[in-house]
Amino acid sequence: MKFFIDTANLEQIKEAQDLGVLDGVTTNPSLMAKEGISGDENVINHYKAICAIVDGDVSAEVISTTYEEMIKEGEALAALDSKIVVKVPMIKDGVKAIKYFSNKGIKTNCTLVFTAGQALLAAKAGATYVSPFIGRLDDISTDGLALIEDIRLIYDNYQYPTQILAASVRHSAHILGCAKIGADVMTGPLSAILSLLKHPLTDSGLATFLADHAKAAGK
């Protein structure tokens, strides 16, 4: 399973990259705003800075909601770097845009997916990635991981090449659940990735080993 980090924070991206497990980055307008990035030129320069850090795909989201404007904006984003994946919302014009981009060889990420039916449409349109938001489903007392299972079954039934990018991942249980189901990618905050490192027995065991070494060295 690929690990993407869901942020526009360059320091967090660098930290994840330095850890050696980062496969890509996802961003959205909210994450850009959180970092104080505004204005077309600043946003473009920020995407370029992200691409300079990572080796894998970088999802850059269109702001437009009409077919023609999504095409114009998406082509401009894709021209920035070969790593750019055009992130398109799951709406009617978005599906049409995904088909257009697919025919042009431009990678896409269909975002804001909450049902298996939406994921099926995205795959049929040729999306490179589909992003079901499992954390947001959990927030409304719906099983987000069950959606990943449904999409995995449908895609495997028909050998769709679209990759399942589990989004809105909140914690290590989400990551492990997605890995067991067979999600192709997970994207979440740095804290979720780092949470996989932690276990109290690891901490106590290391403390014991170091204490024993110190005692032996003191003899």
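The values are calculated or read from the model by the stated rules, or taken from the named source; none is laboratory data. Here the structure is a predicted model, which means the values were calculated and not measured. Please note: Cβ atoms are built from the backbone with ideal geometry, for glycine as well, and neighbour counts cover all protein chains shown. In case anyone asks, the SASA skips ligands and DNA or RNA and just uses the protein heavy atoms, side chains included. Shrake-Rupley method; radii C 1.70, N 1.55, O 1.52, S 1.80 Å.
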When region 44-83 is examined, which residues are found to be closer than 20 Å to Lys99 by Cα and touching a Cys at 6+ places or on another chain (Cβ under 8 Å)?
-> Val58, Lys83
Just a yes or no: is a residue in region 121-136 in contact with a Leu (Cβ under 7 Å, 6 or more places away or on another chain), assigned to a strand (DSSP E or B), open to solvent by less than 80 Å² (accessible area, probe 1.4 Å) and of a type in the set (Gly, Ala, Ser)?
-> yes
Single condition Asn45 does not satisfy, out of (1) surrounded by 18 or more Cβ atoms within 10 Å (Cβ to Cβ); (2) more than 16 Å from the chain's Cα centre (by Cα) | (1)
Filter region 87-109 for residues that are closer than 24 Å to Leu31 by Cβ and polar (S, T, N, Q); which is surrounded by the fewest Cβ atoms within 10 Å (Cβ to Cβ)?
-> Thr108
For region 140-196, how many residues meet the condition of being more than 21 Å from Asn28 (Cβ to Cβ) and part of a helix (DSSP H, G or I)?
-> 20
Taking only pairs six or more apart or across chains, which ones have beta-carbon atoms under 6 Å, a first residue in region 154-168 that is under 12 Å from Asp184 (Cβ atoms), and a second residue that is acidic (Asp, Glu)?
-> Gln163/Asp184; Ile164/Asp184
Name the residues in region 101-115 that are under 18 Å from the mean Cα position of the chain (by Cα) and not hydroxyl-bearing (Ser, Thr, Tyr), would you?
-> Ile106, Lys107, Asn109, Cys110, Leu112, Val113, Phe114
Residues Ile37, Ile63: which one is within 16 Å of Asn109 (Cβ to Cβ), out of contact with any Leu (no Cβ under 8 Å at 6 or more places or on another chain) and of a type outside the set (D, E, K, R)?
-> Ile63
Residue list for region 13-32, restricted to those being open to solvent by 70 Å² or more (accessible area, probe 1.4 Å) and either more than 24 Å from Gln163 (Cα to Cα) or touching a helix residue (DSSP H, G or I) at 6+ places or on another chain (Cβ under 8 Å) (or both) = Lys14, Glu15, Asp18, Leu19
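Residue-by-condition table, conditions (1) small (Gly, Ala, Ser); (2) assigned to a helix (DSSP H, G or I); (3) closer than 21 Å to Val130 by Cα; (4) in contact (Cβ under 8 Å) with a residue 24 or more places away in the chain:
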| site | (1), (2), (3), (4) |
| --- | --- |
| Ala8 | yes, no, yes, yes |
| Ile13 | no, yes, no, yes |
| Glu41 | no, yes, no, no |
| Leu77 | no, yes, yes, yes |
